[in-house]
Structures are given as C-alpha cells and as structure tokens.
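One structure is given here, and the rest of the page talks about it.
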Amino acid sequence: MNFDFAKTLSLIKGGLLDHETTWKSYLEENPTWKQTAMVLAGPLILANIILSVILSRMAGGFSYYSYYGNLFTALFWGLFMGILGFVITVFAFNFLAGQFKGKPDFPRAFAAVSLAAIPSWTAGILAALIPYIGLLIALAGGVISLIFMYKIMPMALNVPDEKRLAHFISSLVSIIILNFVIGSIIGVGAMNSGMHSGALSKGSINSRTTVGSGMLGEFERQGRLMEDAEADTFEPPADGKLSKAQLEKYVKVLQKTRALHEDYAQRMQKFSEDMKAKEAAGEKPSVSDLSQAYAGIGTAMSANNAEMEVVKTGGGNWAEHLWIKEQLRVARIQQGDGSDALEHNYKLYKKYEDELNGN
C-alpha cells in the first residue's frame, strides 16, 4: 500500500470545491479504512497538527495544540489527541448508524469522517498562519465540517432520511461525552475531536456543557432547516422563462443575505479585536470565548447557510430559488444568445443587474 500524493491532493481539492461529487466518487471505490488512512486521514491529520503547531509559534496564529508547553510536548499531545478524537468520531457515527436503521460499515464511516473533516483540517493550518482571527477560521472550518458530516453520513451508512437528524445529534452528544470522559481519565482536560468541534480547556463541566448544548441546539435547528429545504420541489415553466415576480423575490433574498453577511462580518471583527486585546495581555482563548464565538458571532448565519435560511424562514421554496439562480447564471454567461428563454432572462437580468450584484 503506497502513498499517492496526487490522489490526496485530488481528494482535498474536491472535498473543498466539489464535495458531493467527490464523496460519491470516493465512496463508490469502497476503500478499506487503511487505504483512507494512507491517502487522506493520515496525511491531513499529520499536516494539520504538525504545521499548525509550528506555524502558530512562528506566525502567531491560532492552534488548538499550541498551549501544551514546549514544541515537542505540543506535537506529541496534538498527534495523540487528534488521532484519538478522530477514531472516537468514526466509532460513534458508525455504531449509532445501526441504532437508527442505517448500515454500520467501519471503512465507509472512516472514509466519510475523513472527507467531511477536510475543511476543518485545512482551516486549522490556515488559522495558524493568521494572528488574532485564527480562532475564527478554525471555528468556521469546524462548522463547515459538521454540516458536511450531517450531509455525508446518510450517503455512507444508509441512514434513512427520517432518522438522519437523530443519528447526527446522538453521535455528536456521544462524541462530546466520550471526549470528556477520556480526557478526564488521562488528565489532559477536554479532548479535542477530529473535527475541532470542541476546545481544549480546563474550564468547568458546566462551561463545557454550555458550549456543547448551545452548539447542538443550533445544529439541530440547522439540520431541520436543511431537511425542509431538501424536501422542496419545483416544476419549472415549460418555456424556461423567469417572471418579474420571481426575480424581484430573488433580489430581496440576496439583499437580506448580504445584510446577514455584513452583520456576521461585523461580529467577526469585534470578536477578533477582543482576541487581539487578550493576546496583547498574554491571555489565552477560554471556553467562554468559544461559547461567545458560537452564540455571538452567529455561525448559523455564516455564508454556508444564510441564503437558505432567508428563503425558508420567509416561506419560500428552496428548489425554485436554486432554479432562478441557475437560469440567471446561464443567461449571464450566454448574454441572451441561444433561445427565446435566454434572451428573455438576460433582459430581466440586465434590468436588475445592480441589485443582483449588490450595487
């Protein structure tokens, strides 16, 4: 079994830019867990921990593992905890799949967790390079990976749609509990999961519970939102033409989404300034800071789900919204050439071009 660098790069690129196609393609290969460990999980865990520890100390960015004393100690505990946290995550999702009418399959669960964790692992490296806002980057990567985990598990372990949310939440709760118990036994504080969904801290049990319950409650809400959105259906008009009403509705969604993004950016800026002040004072991020990040920054309103949230909470149809977006994209690319529908849609696009582009 040889390491395939090209395959690793291809999976990382696909996992970030075209994740669902990459997931399906890789899972169809039915790799063993050893193959996934060799080509994806192993290289990324090693790169994430080693580079994040070294770069955080050189560039002043954030790393979960940089608070373990000297470089050797940080690398040792980082590797130990990263691998253990990853294995716990795989076992939890795989075992509980059987309890929720799915089909446990350790190699596929191993592959699914590895693929879903790509954003978190890559964000961990970037976070170490950027001072002050590195924590935010790491959190964003963790959030994206959790959303990916919610989406990929039914595909990998055949968890029924009506059970996917219960399976997801139960698995996260189990991971948090197992990390805490094992961390308490070995005496190194709260265990960090393979996706960085927890934080290393010596805070109280109540503090950890607050972070976990708040995070889980938000992901439950987001999970239900995604389920509702995925259930939407839309029958496009036979002529393929957009209506003025559809476009005006679409523009309003974009305007509200941009407002949420601006609010999110402002909250990030404030949080980064607070972290900068703590850094200057020689303080380290605490569990309270992480709780603030999840609740105050509004990760639910991040770029990943804000548009869907605006559509669904406004009583809209997500399938129709996606159809409108695609028709506008094609009309813009073709500039109205090719059919009556493209000409009609391009004229509408030009009429609302400033609003569509945020001007």
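When residues in region 45-89 are screened for being in contact with a Pro (Cβ under 8 Å, 6 or more places away or on another chain) and either modelled with pLDDT of 80 or more or assigned by TED's automatic domain parsing to the domain that holds ALA280 (or both), 0 of them pass. Within region 118-138, is there a residue that is at pLDDT 90 or above, under 21 Å from the mean Cα position of the chain (by Cα) and at negative phi? Looking for residues that are at pLDDT 90 or above, under 21 Å from the mean Cα position of the chain (by Cα) and at negative phi, one finds at least one in region 118-138, hence yes.
In region 95-117, of all residues being more than 15 Å from the chain's Cα centre (by Cα) and not in a helix (DSSP H, G or I), the one that is farthest from ASN48 (Cα to Cα) corresponds to LYS101. Among the residues of region 136-185, just one is under 17 Å from PHE86 (Cβ atoms), surrounded by fewer than 17 Cβ atoms within 10 Å (Cβ to Cβ) and either among the acidic types (Asp, Glu) or in contact with a helix residue (DSSP H, G or I) (Cβ under 8 Å, 6 or more places away or on another chain) (or both), namely ILE182. Hey, can you tell me all the residues within region 75-113 that are crowded, with 20+ Cβ neighbours inside 10 Å, in contact (Cβ under 8 Å) with a residue 40 or more places away in the chain and either more than 16 Å from LEU172 (Cα to Cα) or in contact with a strand residue (DSSP E or B) (Cβ under 9 Å, 6 or more places away or on another chain) (or both)? Residues satisfying the conditions are TRP77, MET81, GLY82, GLY102, ARG108, ALA111. Restrict the check to region 17-40 and report whether at least one residue is at pLDDT below 90, buried (at least 23 other Cβ atoms within 10 Å of the Cβ) and more than 24 Å from ILE176 (Cβ to Cβ). Scanning region 17-40 turns up no residue that is at pLDDT below 90, buried (at least 23 other Cβ atoms within 10 Å of the Cβ) and more than 24 Å from ILE176 (Cβ to Cβ).
Could you go through region 213-234 and let me know if any residue there is part of a helix (DSSP H, G or I), surrounded by fewer than 16 Cβ atoms within 10 Å (Cβ to Cβ), modelled with pLDDT of 90 or more and in contact with an Asp or Glu (Cβ under 8 Å, 6 or more places away or on another chain). Within region 213-234 (the criterion being part of a helix (DSSP H, G or I), surrounded by fewer than 16 Cβ atoms within 10 Å (Cβ to Cβ), modelled with pLDDT of 90 or more and in contact with an Asp or Glu (Cβ under 8 Å, 6 or more places away or on another chain)), the answer is no, since none of the residues qualifies. The single residue among ALA127, ALA92, ALA123 that is part of a helix (DSSP H, G or I), more than 29 Å from ALA277 (Cα to Cα) and assigned by TED's automatic domain parsing to the domain that holds ALA41 turns out to be ALA92.
Scanning region 305-340 for residues that are over 24 Å from the mean Cα position of the chain (by Cα) and among the β-branched types (Val, Ile, Thr) turns up ILE324, VAL330, ILE333.
Looking at region 235-333, the helices (runs of 4 or more DSSP H) lying wholly inside it that each contain 2 or more residues that are modelled with pLDDT of 75 or more sit at 244-280, 306-313. Screening VAL159 against (1) in contact (Cβ under 8 Å) with a residue 24 or more places away in the chain; (2) assigned to a helix (DSSP H, G or I) leaves a single unmet condition, (2).
The residues listed here are ASN345, ASN305; of these, the one that is surrounded by 16 or more Cβ atoms within 10 Å (Cβ to Cβ), more than 26 Å from SER145 (Cβ to Cβ) and touching a residue at least 60 places away in the same chain (Cβ under 8 Å) is ASN345.
The values are calculated or read from the model by the stated rules, or taken from the named source; none is laboratory data. Quick caveat: nothing in here was measured; it's all calculated off a predicted structure. No Cβ is skipped: glycine too gets one built from the backbone with ideal geometry, and neighbour counts run over all protein chains shown.
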